[in-house]
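Novice: Here it is, the structure, as structure tokens.
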Amino acid sequence: MKSTIVFVLFLSSVLYAQRTGCVSGNCENGEGTYIWSSGTTYTGEWKNGKQHGKGKTTWSDGEWYEGGYNMGERTGWGEFRWKDKTWYRGRFLNGRMNGYGEYHFASGTTYTGQIRLGKFSGVGTKLKNDGTREIGFWKNDTYMGSQRPVLVVSSQGPIKSIQAAIDSATAGDEILIRRGTYNEAIVIDGKENITIRGEGEAWLKVPTGDIITIRNSSGIALFNIKGIHDTRDEYFACETSDVLDIVHSKNIIVAQCLLDGSGQIGLTGYHVEGLLVSHTIVQNCIFGGIVLENCANTTLQYNLIIAQKAAVDKGMDCIGLSLVSCKNAVVNHNTVAKLIDFNPVWIRDSESILFTNNIISHNTLNAENQSGLMLGENQTLDYHRNLLWDNKTRDGKEINYDAYAKSFKPLDDINTDPLFLNPQSKQFGLKASSGAINQATDGLDIGAVQTKHRGNLTPKIADQTPPLIVWSGQNFTDKQNITLPDSTIKFSGRLTDNTELAGMIIGNKTVSLKTDGTFNSEIALEDDMGMIPVRAWDIFGNATYLDIFYQKASTPTASVQTGSVPQTITASRPTTSSSAVKPSSAAPNTSTVTVTSDCKTSDECIERSFKAQSIEEAVLYAESAVRLLKPTDEEVTQKMAYRIRAETYLYQFKKSNDAALVEKIEADFEKAIKLDPQDGVPYIGLAKLYEAQSQELMVEDQFARGLQANASPALLYYERSQYYIRQKKESAADEDLDKAIEMLGGTSYKDGVYKITAGDPSVTDKGKFNMYYTRAERLVKKKDYQRAYADLSQAIKFDPENSNAYWLRAKITIDVDPYYKKPEPALADLNKVIELSPDFADAYYWKGQVLLANSQTYKDHNITIQTLIKASELEPTFSDGYAYAAHLCLVQERNAEAEQFAFLAVQKTDKKNALGLAHYVLGYTYSYKRDRENMLKHFRKSVEYGYEESQNVLKSMGY
């Protein structure tokens, strides 16, 4: 629904309106046919010289699109047919497939489901031509399995709190925590089958208290979570706080995590059944590392318990790894090292314990009654192939085993220095000469950190060196923009030191690692240019991200000349491929069309640039506009020529990040400012250029410079407010937005009424609409509905054909009046939305809900039924509309239609109340058929979905 165009030029669209090539009808505001010199033809509706409404575009090669347009962009419901017989029918947004649709490959494979920005993303089904199906969740064209969508936690929202995501999560959900620091403790209580995964450096940081609590829960998995107690007092009094506390739970996974106690306990488990702790670092604790009591079926593997200093003045027993009264535990491949005044390992009163392939080394004991390994009375302890070394008391006496452990010491233990790389710097990988390499019972290295990939992992996760990825001998960090001679890209590389790589994905391809740490991969490329994501991560979940931009080598296009010399550009339309790989709808078509730069004057070229159908075409005309300037041209023409060229270059720079364009953009905008210092657009253009380069001070300077020159102040305040919104400076954004609207003419507001006097004449009606609409959106978020409603009413005065404003105003009315006691305002706005955007399902759905709630007032149920059916047909998430329509048909004794719609509801919706209603309707339709068996079946099914009326019906019949 957003009013967008292929290429937006700042405030420029108000200057020129005349369009050429209109062979019939009205190609400005109405219906008409326009033919481009390339042979491309459009027939349909127009608004302000742009395709808007319904229409059909046919290219010279026979490909065509028919459907909705919004200010020159394919938007709404439509169908695109490619020349290789591939076709798509569904929703578009801003020229790209977006929403629900069906994509038919030329091979016969079909995809039906959700699409986002041209990629299969969301819930969908791919039916392959061999008859196999992939049903479930998709992300960027990749089948992710039958998993549920991910709840994303980020400082940028919409979910900013991890606890909020946990509270809203249901069984089977995954919570992804974006990088950042979250100053909150979280509690997972009574939850089942929830996965919480950190992305990169995702930290939970609190001063005291338990950071993560899991209790009365099952099936909880934590991956790559980092928790730290943020305190400077090493011995503060909060003695019972843990980084991770697990109580009365089962089937818990803790993997690739960092638990930094900073004076407390890393992980405690009490009455936990089925606990897996793997590839996790526990450090900087003074009371305990991993402490388990009354736990069963536990696995502790590949963990580092390091760098602990006990609080001996507290008189407490401090233990690195403790199992007390536990049963059925596997303790394998762990390293316990560099503990001071600790019992490194303590196992007592436990049964069926396998303790093998561990390193206990370089620990300082508090007293002679401690040792590296302390064993109490245990049953069936399977203890072998561990390495104990240099566990000494304060006075230097080495005690690796206590008396009990000595009597059970097997012959296959290793008593040698593990030769850590650098234990003082917390690097616990093994040197090449270590006697622990390849000596474990499984043929691996003893201890947590393996050397199979020629490196080791330092626990200081934030300081990790990323893996080295090379292409043709060049490090990608030095060569991220590459030109390829053919349609493949080859990757080869090795791992740097101090890195143990656990996995790598290039594009959508998983890369296999050789035993020496090298890898090779090759990817076939379909598009002429694009981006390949590279993702690599180590065994503790630290990820390296790199996006590689490429383009294939191609023959150069004709050089740009003055006059009416034809220029070759790439047409802007979806592309396809004959393979079963879905093409990107946003990529240029591989065929070319010829656009003739036939403008004779700068004014004419400027006009053509405003009306361009692609960025390439806009640049061509903008460059011609500057080239054709004459000394006799008016200053406004000269200014516009330089400004329009700077704007087109700026658009290119944002897409390509081509540094060579920066000086050109700056020079053209400065020339425009010199010609007209009170035009605000060049200042804004420069601010946008510097924002794209993350030069915040220079952005602020350009806005201040423009305001000082009193150059379009309303526009400058508005654009700066948008910049502040992007920078998350909310109060500053609100302040500037209010100033912008005041600059429109001394706006005053009282009792829901706006009074406007003359103001900044440079702002178009479209600009005024944007200001009021933007402020209304922000007021809605603050639940200031009265002011938001008034702002929207004002916005509609400046653009009465913009469906967004009517829709948002309708939603305010619905939210303020949830029982629809005053339906007229909402219905009026919803009807206007449907008139302007006839394929917008939300408007039909909510109109149907309002009509249903006021069925005594609006007695023409046919309108209600048609509205609900339309919503259900347009958007699968509104398929419950079939159930409501079925019930209305039943009331009107239209039993055949009632049965039809009820079955559609059963097939398409997953909403419990709608399913209950649908089966209720079916129960009645079968009763009218005297089909007792099916009648009872559907009434009982309705009861299962909680529909009470069906229960009453069954009781009345004696069931």
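The values are calculated or read from the model by the stated rules, or taken from the named source; none is laboratory data. Predicted model only: the values in this text are computed from it and were never measured. Virtual Cβ from ideal backbone geometry, glycine too; neighbours counted across all protein chains shown. The accessibility values were calculated without ligands, DNA or RNA, using every heavy atom of the protein model including side chains. Shrake-Rupley method; radii C 1.70, N 1.55, O 1.52, S 1.80 Å.
Novice: Among residues other than S942 whose Cβ falls under 11 Å from its Cβ, what is the net charge (Lys/Arg +1, Asp/Glu -1)?
Specialist: Counting the neighbours of S942, the net charge comes to +1.
Novice: Hey, any idea what % of segment 21-144's accessible area is carbon plus sulfur with a 1.4 Å probe?
Specialist: Here carbon and sulfur together make up 49 percent of the probe-accessible area.
Novice: Normalised by the residues of segment 21-144, what does the relative contact order come to in percent, with Cα pairs under 8 Å and at least six apart?
Specialist: 11 percent
Novice: Still on this structure, please answer the following. Based on the alpha-carbon gyration tensor of segment 21-144 and its eigenvalue square roots a ≥ b ≥ c, which shape applies: rounded if a/c is under 1.5, prolate if not and a/b is larger than b/c, or oblate?
Specialist: Values: a/c = 3.62, a/b = 2.06, b/c = 1.76.
Prolate, because a/c is 1.5 or more and a/b exceeds b/c.
Novice: How far apart, in nm, are two points set 7 Å out from the Cα along the Cα-to-Cβ line at T764 and at E933?
Specialist: That separation, rounded to one decimal, is 6.8 nm.
Novice: Still on this structure, please answer the following. Just tell me which aspartates and glutamates come within less than 17 Å, Cα to Cα, of K54; anything on the same chain fewer than 8 places away is out.
Specialist: E28, E31, E45, E66, E73, E79, E801, E835, D839
Novice: For a protection proxy built on the mean count of beta-carbon atoms within 10 angstrom, sort 76-84, 186-194, 340-348 highest first, please.
Specialist: For the peptides 76-84, 186-194, 340-348, the packing ranking is 340-348, 76-84, 186-194.
Novice: For every other residue with a beta carbon closer than 15 angstrom to the beta carbon of S155, add +1 if it is Lys or Arg and -1 if Asp or Glu, then tell me the sum. Write down the numbers at each step before the final one.
Specialist: Values: positive: K160, R178, R179, K205, R726, K728, K729; negative: E184, E199, E201, E730.
Counting the neighbours of S155, the net charge comes to +3.
Novice: Next question. Based on the alpha-carbon gyration tensor of segment 159-224 and its eigenvalue square roots a ≥ b ≥ c, which shape applies: rounded if a/c is under 1.5, prolate if not and a/b is larger than b/c, or oblate?
Specialist: In terms of gyration-tensor shape, oblate.
Novice: Given K630/K671; K782/K912; K191/K781; K639/K674, which pairs have Cα atoms separated by over 20 Å?
Specialist: K782/K912; K191/K781
Novice: Translational diffusion coefficient, Stokes-Einstein: compute it for segment 881-959 using the Kirkwood radius over C-alpha pairs as Rh, at 25 °C and 0.890 mPa s, and state it as an integer in µm² s⁻¹.
Specialist: On the way: Rh = 11.9 Å.
It diffuses with D of about 207 µm²/s by this estimate.
Novice: Let me ask something else. Could you rank the peptides 433-445, 625-637 by their average count of other C-beta atoms within 10 Å per residue, with the highest value first?
Specialist: By packing density, highest mean first, the sequence is 433-445, 625-637.
Novice: Suppose the chain between K600 and K911 were pulled fully straight at 0.36 nm per residue; how much longer would it get relative to their current alpha carbon spacing? Intermediate values should be presented prior to the final figure.
Specialist: Details: separation 311, 0.36 × 311 = 111.96 nm, distance 6.22 nm.
Between K600 and K911, full extension yields an extra 105.7 nm.
Novice: Given R₀ = 51 Å, FRET efficiency for K781-E635 by Cβ-Cβ distance, to 0.05?
Specialist: Here the calculated transfer efficiency is 0.75.
Novice: Hey, can you rank 843-852, 203-212 by average C-beta count inside 10 Å, highest first?
Specialist: So the peptides 843-852, 203-212, ranked by packing, come out 843-852, 203-212.
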